[in-house]
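K.L.:
Input: one structure, supplied below.
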Amino acid sequence: MTFCSDRLDLNLPDPDDLIVIDGWIENNQYAKVLLTRNTPYFSSLDSASIRELILSRAKITISNGDTSEILTLRKNEEYFPPYVFEGNEIKGEIGKTYTVTAEYGGRKAFATTSIPSPVKLDTLYFIKKENSDSLGKIFLEFTDPPETSNYYRILSQVKGKDRRYYSSMIMGISDIFFSGQKFGFSIFRGQEAYLSEGYDEYFRLGDTVSIKFCTIDKAHYEFWSSFQDEILNTGNPFASSLLVIRSNIEGDGLGIWGGYGVSFYSYIIK
């Protein structure tokens with residue numbers, strides 16, 4: 001049996017040249033921004049081409065409404081590409097609003113975010129995986145503040161194993177189904193790249209785990225929620241959710257600029 005098909009040639013137009021912002025500011029911390037440009041969907045990507053996407057000559061300014069500062073580009077091996085624009089004057093404060101502006105090649109992108117009040121965890125403990133003496137997940141429980149809509153992110157870092165904090169697979173959580181109530185769930189170990197193979201998703205006995213429990217605003221949540229929808233479909237690009245990843249970036253850009261109200265917890269798994 002023989003099958004024939006016509007050759008499929010896709011002549012897609014090049015996308016508009018946009019500034020891609022991946023930036024955040026936390027309470028008691030300086031702002032961090034990774035800045036790149038976009039690239040065509042079917043373009044070839046490797047470590048060399050990704051480095052060429054870095055906008056190292058861009059100007060990034062943040063403002064809290066009273067004061068502004070220009071961020072400085074520094075090498076940071078915790079990230080890839082390993083270059084991050086960082087602040088050294090304005091620290092994040094709970095309840096305040098922050099604007100970022102990125103300028104490059106005559107283009108300008110900007111966004112505004114806020115830092116909500118942090119929420120504390122009530123419970124934190126280890127749950128062993130079935131049929132395993134050393135592997136498992138971490139259970140978290142907290143009480144959602146009443147009378148307001150609240151949004152969360154949870155990140156973790158295993159001391160001596162992870163270069164930085166990584167998100168659990170649940171990238172964003174809304175309190176729409178548990179507003180004002182106590183709510184709990186289990187998290188897996190965060191991973192650096194969701195396309196990598198051989199990833200160990202479980203925590204282990206003996207691990208010292210730092211948990212970063214974050215509150216975020218609605219626009220920040222909508223970005224991570226829509227981003228997660230796409231991550232879940234990466235096994236087949238033609239099985240996309242058909243949704244556009246939501247962004248709070250305006251002007252000549254896309255991506256996310258988000259504020260975090262953070263509570264930290266250190267937990268030794270015994």
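K.L.:
Identify, by number, the condition in (1) on the phi > 0 side of the Ramachandran plot; (2) open to solvent by less than 70 Å² (accessible area, probe 1.4 Å) that residue 132 doesn't meet.
P.N.:
Only one criterion in (1) on the phi > 0 side of the Ramachandran plot; (2) open to solvent by less than 70 Å² (accessible area, probe 1.4 Å) is unmet by residue 132, namely (1).
K.L.:
Go through segment 106-118 and give me each residue that's of a type in the set (Gly, Ala, Ser), open to solvent by 20 Å² or more (accessible area, probe 1.4 Å) and in contact with a strand residue (DSSP E or B) (Cβ under 9 Å, 6 or more places away or on another chain). Walk me through it before giving the result.
P.N.:
To start, the set of residues in segment 106-118 that are of a type in the set (Gly, Ala, Ser) comprises 106, 109, 111, 114, 117.
So of that shortlist, the ones also open to solvent by 20 Å² or more (accessible area, probe 1.4 Å) come out as 106, 114, 117.
Matches in segment 106-118: 114, 117.
K.L.:
For the condition open to solvent by less than 50 Å² (accessible area, probe 1.4 Å) and either touching a residue at least 24 places away in the same chain (Cβ under 8 Å) or assigned to a loop (DSSP other than H, G, I, E, B) (or both), what is the one hit in 103, 86, 77?
P.N.:
Working: 103 fails: open to solvent by less than 50 Å² (accessible area, probe 1.4 Å); 77 fails: open to solvent by less than 50 Å² (accessible area, probe 1.4 Å).
It is 86.
K.L.:
Mind counting the residues in segment 89-100 that are open to solvent by 90 Å² or more (accessible area, probe 1.4 Å) and without any contact (Cβ under 8 Å) to a residue 60 or more places away in the chain?
P.N.:
1
K.L.:
Something else: Is it true that some residue in segment 216-223 is modelled with pLDDT of 95 or more and part of a loop (DSSP other than H, G, I, E, B)?
P.N.:
Initial filter on segment 216-223 (modelled with pLDDT of 95 or more): 216-223.
Now drop any that are not part of a loop (DSSP other than H, G, I, E, B), which leaves 217.
Yes, segment 216-223 contains a residue that is modelled with pLDDT of 95 or more and part of a loop (DSSP other than H, G, I, E, B).
K.L.:
How many residues are modelled with pLDDT of 95 or more and open to solvent by 60 Å² or more (accessible area, probe 1.4 Å) when one looks only at segment 189-205?
P.N.:
The total comes to 2.
The values are calculated or read from the model by the stated rules, or taken from the named source; none is laboratory data. Since this is a predicted model, take the numbers as computed values, not measurements. With ideal geometry, Cβ positions are generated from the backbone for all residues, glycine too; neighbour counts draw on all protein chains shown. Protein only, heavy atoms only, side chains kept; ligands, DNA and RNA dropped before computing areas. Shrake-Rupley method; radii C 1.70, N 1.55, O 1.52, S 1.80 Å.
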